[in-house]
1. Based on C-alpha coordinates, I'd like the Rg and Dmax of the range 106-254, in Å.
2. Checking the a/c ratio against 1.5 first, then a/b against b/c, what shape does the Cα gyration tensor give for the range 6-253?
3. Can you pull out the GluC sites (Glu not before Pro) in the range 69-134 that DSSP calls coil and that have at most 16 other Cβ atoms within 10 Å?
4. Suppose each label sits 7 Å from its Cα in the direction of the beta carbon; what would the VAL60-ALA27 distance come out to in nanometres?
5. Apply 1/(1 + (r/R0)^6) to the Cβ-Cβ distance of LYS119 and THR77, taking R0 = 22 Å, and write down the FRET efficiency to the nearest 0.05.
6. What is the spin-label model distance, in nm, from ASN15 to THR226 if the labels are put 7 Å beyond Cα along the C-beta direction?
7. Compute the relative contact order of the range 6-253 as a whole-number percentage, counting only Cα pairs closer than 8 Å that sit 6 or more residues apart in sequence.
8. How far, in nm, would the chain grow between LYS5 and LEU141 when pulled straight, counting 0.36 nm per residue and subtracting the alpha carbon separation?
Amino acid sequence: MVKAKTLVVANWKMNPETYKEAEKIYAGSVVALKKASKVKVVLCLPYTWLTDFSHKEKKVVSFGAQDASIEVKGPHTGEVSPTMLTSSGVEYVILGHSERRALGETDELVSQKVSASLKTGLRVILCVGEKTRDLHGDYLLFLRHQIINSLNKIPKRYLKKLIVAYEPVWAIGKSDDEAMNVRDLHETSIFIKKALAEIYGPVEGMKIPILYGGSVSHKNAKDLLTLGEVQGLLVGRESLNPKKFESLLLSING
């Protein structure tokens, strides 16, 4: 049996400022990935660059969007539908990111987006994560509710295209030594698996891949994966620096 590649999702967010810079970062990312045969990379670019790059070289990299509408088409100014993404060569979409939730997205809306995107064939990266981590474990209750509500009425038949990215808000944008402790990550990943098993049963629920995001760097990536026992990483600022991104990929390539 061939071992699955480690999944690394690069979320560029609203970066860079110019197309020329985007080309440079993209080219550097492709060069880096060609040296890491055991890693699968998904580049999640801003819409302005996404469809252009998604029609370029696809042999070594996949593409993802940072959000998608619940609508297929119609009078929805500024929105981008899941069908538009799939028809443009986009395979993945990040939904429920903490920055979107901070703008007012509810679990109900996230659930609708997840459903709409899965139905069109997109692979959904559902983001979940607590804002703070208390000593009494109340954050676990919050996390459980967020997972259950964000997957409300999502049938089992779509689970093969579902990925859950655990990104604790308190760990985002910090230095790599302030990322989540690997022991705590291991415990939390087990908790997330149990919550998914609660929804879909122990067999199907345990198969859903878990990613970690939150101050991931080339210095801590390998430990987060191996000791945290997650199946991949959601990388932010490190993915915008081709040299550091290459170091990160090589560190987990083995």
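Read the figures in this text as sums done on the coordinates, not as results from a lab. What you see is a predicted model; the values in this text were computed from it and never measured. A quick note on method: Cβ atoms are made from the backbone with ideal geometry, for glycine too, and the neighbour counts reach across all protein chains shown.
1. 15.3, 42
2. Cα axes put the range 6-253 in the oblate bin.
3. Here the sparse-neighbourhood loop sites are GLU71, GLU79.
4. 1.3 nm
5. In this case the efficiency is close to 0.45.
6. Those two pseudo-labels are separated by 2.7 nm.
7. 21 percent
8. Result for the pair: 45.8 nm of gain on full extension.
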